[in-house]
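Chemist: I have a structure I would like to understand better, so I am pasting it below and will then ask my questions one at a time.
The values are calculated or read from the model by the stated rules, or taken from the named source; none is laboratory data. None of the values given here were measured: they were computed from a predicted structure. FYI the Cβ positions are ideal-geometry reconstructions off the backbone, even for glycines, and counts take in every protein chain you see. The area values use the complete protein model at the heavy-atom level, side chains included, leaving out ligands, DNA and RNA. Shrake-Rupley method; radii C 1.70, N 1.55, O 1.52, S 1.80 Å.
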Amino acid sequence: MPGDTISVGVLGYRFMGRAHANALARLPMFFPDAPDVERHTLVGRDEDALSDAADRLGFAHTATDWESVVDDVDVFYNLGPNHLHADPSIAALEAGTHVLCEKPLARKLAEAERMRAAAAASDAVAACAFNYRFVPAIRYAKGLIADGKLGEIRQVRGRYLQDWLVDPDTPWSWRNDAALAGSGALGDLGAHTVDLARFLVGEQVGAVETVSGTLRTFVNERPVPDSDERRPVTVDDAYTAQVEYASGAIGTFEASRVADGHKNDHTIEVHGSKGSLRFSLERLNELAFKGEHHRGYETILVTDESDPYVDHWWPPGHVLGWEHTFVHENYEFLSAVAADETFHPSFEDAYQVQRVLDAVERADERGERVALR
Ligand code: SOE
């Protein structure tokens, strides 16, 4: 494949479809060494909406059945709802097609195991789209931790707060249904934070060993769009969890989709024997760092051309946004595909996240601390 144009098939054309199509469109302009990509086929169910989306997102063809696409393109992007993550991704990998699947990898651990096994049995690259690993400030934070600037890592604190479901009359969607989504805030938001913590400190603290946790649903039914029906909510609106790492470090994680006043507030903090750092997605160009010889936190604007990815964009202080994380992610993923190299986050990385999500659910069910399965 090196040097050839990579043909891409994409399942899903709404929120994540737009984020990734935008990223693909930006690559030639800002990452000229990225592989050439053809937005070949867009997959969806509604033919009229699909045709309009293909025009807007720049795809040459459309299809209403993913089965006909997964062995007809070089790379398959699975951006569908969680219940569609497993079968199309597994079929693509079995056909030798590279896969980028949106997070969370799966609804439940058993499904994630099937996806992990398919990736292990395939020569194709199998990636999971944890895009926050590709924020320049997060990369910079990882460098500080790896360089020992925080000393021995003792505590991690991650939270992901949104409020788009705080109104009980916000319509029901697949994200509110256990059969379609697997879980609510836990898998939708908690997956990001568990992965980000593992990306930042996993090499220092080792694997999560035990978990305690609580899931809670505050709004038990919601109106179905364009009908008088109300449908039950069968997933969590919020979760909290405490974890113990192999090194003895401990972590606190929480997420909510009913945290009124918080729009997309993904925050992670790390405390070590020599210092601390704090990142917040709503101020994603900044990193708060308290080093060994600092009196308090200093706020670093991570927009210098020497900072990760920034030299592809603008001069210092001309800040980046949420969508740039997808451009960086697609650049790294497609470069790995073209070079036939390993990419992280992989299905194995995503499976390790799913093990923690599974443990939170079991801890909640049992009302006690549990080990990972
Ligand atoms: C939920 O609202 C959501 O869209 C997540 O599904 C995404 O992964 C996150 O990046 C933004 O919020």
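Chemist: With only Lys, Arg, Asp and Glu charged, each at its Cβ (+1 for the first two, -1 for the last two), find how big the charge dipole of the range 6-132 is about the Cα centre; round to the nearest 20 debye.
Modeler: Around 640 debye, computed over the range 6-132.
Chemist: Over the chain, what relative contact order in percent results from Cα pairs under 8 Å that are six or more residues apart?
Modeler: Relative contact order comes out at 20 percent.
Chemist: In nanometres, what is the gap between the two model label sites at Ser273 and Phe218, each 7 Å from Cα along Cα-to-Cβ?
Modeler: 4.1 nm
Chemist: How would you classify the range 231-373 from its alpha-carbon gyration tensor, with a ≥ b ≥ c the square roots of the eigenvalues: rounded for a/c under 1.5, else prolate if a/b is greater than b/c, otherwise oblate?
Modeler: Prolate, since a/c reaches 1.5 and a/b exceeds b/c.
Chemist: Please label the shape of the range 61-125 as rounded, prolate or oblate, based on the square roots a ≥ b ≥ c of the eigenvalues of the alpha-carbon gyration tensor (a/c under 1.5 means rounded; beyond that, a/b larger than b/c means prolate, else oblate).
Modeler: Oblate is the answer for the range 61-125, as a/c is 1.5 or above yet b/c matches or exceeds a/b.
Chemist: Moving to a separate point now. I need to check one value: relative contact order of the range 216-373, counting alpha carbon pairs closer than 8 Å and at least 6 residues apart, in percent.
Modeler: 9 percent
Chemist: Express in nm, to one decimal, how much length is gained between Lys263 and Asp311 on full extension, taking 0.36 nm for each residue of separation and deducting their alpha carbon distance.
Modeler: 14.4 nm
Chemist: Per-residue ellipticity at 222 nm for the chain, helices alone: DSSP H runs ≥ 4 residues times -39500 (n - 2.57), over residue total, nearest 500 deg cm²/dmol?
Modeler: Calculated at 222 nm, the ellipticity per residue is -10000 deg cm²/dmol.
Chemist: Shifting gears a bit: Accessible area per residue, 1.4 Å probe, Å², for the range 26-122: what's the number?
Modeler: Per residue, the range 26-122 has an accessible area of 44 Å².
Chemist: Put +1 on the Cβ of every Lys and Arg and -1 on every Asp and Glu Cβ in the chain; which of Phe343, Val302, Ser122 then has its Cα farthest towards the positive end of the dipole?
Modeler: Final value for the positive-end residue is Val302.
Chemist: Could you tell me whether the range 271-351 comes out rounded, prolate or oblate from its Cα gyration tensor? Rule is a ≥ b ≥ c as square roots of the eigenvalues, rounded for a/c under 1.5, then prolate if a/b exceeds b/c, otherwise oblate.
Modeler: Oblate.
Chemist: Further, regarding this structure: Where does each of Asp265, Asp340 land when they are ordered by accessible area, with a 1.4 Å probe and the largest first?
Modeler: My answer, sorted largest first, is Asp340, Asp265.
Chemist: When the chain is fully extended, how far beyond the present Cα-Cα distance does Glu298 get from Ala371, taking 0.36 nm per residue of separation?
Modeler: Gain on extension, Glu298 to Ala371, equals 22.5 nm.
Chemist: Let me spell out the model: positive unit charges on the Cβ of Lys and Arg, negative unit charges on the Cβ of Asp and Glu, origin at the Cα centre of the chain. What dipole size does that give, in debye rounded to 20?
Modeler: Magnitude of the dipole: close to 1420 debye.
Chemist: At 1.4 Å probe size, with the rest of the protein present, what percent of the exposed accessible area of the chain is carbon and sulfur atoms?
Modeler: 46 percent
Chemist: On to the next question. Could you order Met29, Met115, Met16 so the one with the most accessible surface comes first? Probe is 1.4 Å.
Modeler: Order by accessible area, largest first: Met29, Met16, Met115.
Chemist: Note down the Stokes-Einstein diffusion coefficient of the chain in µm²/s, whole number, using a Kirkwood radius over alpha carbon pairs, 25 °C, and 0.890 mPa s.
Modeler: 115 µm²/s
Chemist: Measuring from centroid to centroid over Cα atoms, what is the spacing of the range 24-89 and the range 195-243 in Å?
Modeler: The two parts, judged by their Cα centres, are 28 Å apart.
Chemist: I've got another one for you. Please compute the net charge surrounding Asp311, taking Lys and Arg as +1 and Asp and Glu as -1 over other residues with Cβ under 14 Å from its Cβ.
Modeler: -3
Chemist: Go through the range 21-27 residue by residue and turn each phi into a ³J(HN,Hα) via Karplus (6.51, -1.76, 1.60, θ = phi - 60°); whole Hz please, and just put x for glycine and proline.
Modeler: Result, rounded to whole Hz: 5, 4, 4, 4, 5, 6, 3.
Chemist: Would you work out which of Val73, Phe15, Ala25 lies farthest towards the positive end of the dipole of the range 6-132? Charges go on Cβ: Lys and Arg +1, Asp and Glu -1.
Modeler: Phe15
Chemist: Still on this structure, please answer the following. With r defined as the distance between the Cβ atoms of Ala339 and Leu180 and R0 fixed at 35 Å, what FRET efficiency is calculated, to the nearest 0.05?
Modeler: Once the sixth-power term is evaluated, E becomes 0.45.
Chemist: Here's something else I'd like to know. For the range 197-338, what is the accessible area per residue in Å², given a 1.4 Å probe and the full set of protein chains?
Modeler: Counting only protein heavy atoms, the per-residue value for the range 197-338 is 46 Å².
Chemist: Moving to a separate point now. Of Arg369, Arg116, which has the most accessible area and how do the rest follow, probe 1.4 Å?
Modeler: Descending accessible area places them as Arg369, Arg116.
Chemist: Take every Cα pair under 8 Å in the range 157-250 that's 6+ residues apart, average their separations, divide by the length, and report that relative contact order as a whole percent.
Modeler: Relative contact order, the range 157-250: 35 percent.
Chemist: With unit charges on the beta carbons (Lys and Arg positive, Asp and Glu negative) and the dipole taken about the Cα centre of the chain, which residue among Thr214, His271, Ser173 sits farthest to the positive side?
Modeler: So the residue furthest toward the plus end is His271.
Chemist: Roughly how many Å² of Trp66 are accessible to a 1.4 Å probe, to the nearest 10?
Modeler: 50 Å²
Chemist: What does the accessible area of Lys274 come to, in Å² to the nearest 10, when a probe of 1.4 Å is used?
Modeler: Only protein atoms counted, so the area is about 90 Å².
Chemist: Can you pull the three principal axis extents for the Cα set of the range 6-132, in Å, largest first?
Modeler: Computed over the range 6-132, the largest-to-smallest principal extents equal 37, 35, 28 Å.
Chemist: Set the Förster distance to 41 Å, then compute FRET efficiency between Glu229 and Thr5 from the Cβ-Cβ distance, nearest 0.05.
Modeler: That gives a FRET efficiency of 0.30.
Chemist: Here is a further query. Leaving ligands, DNA and RNA out of it, work out the accessible area of Val360 with a 1.4 Å probe and give it in Å² to the nearest 10.
Modeler: Accessible area, nearest 10 Å²: 0 Å².
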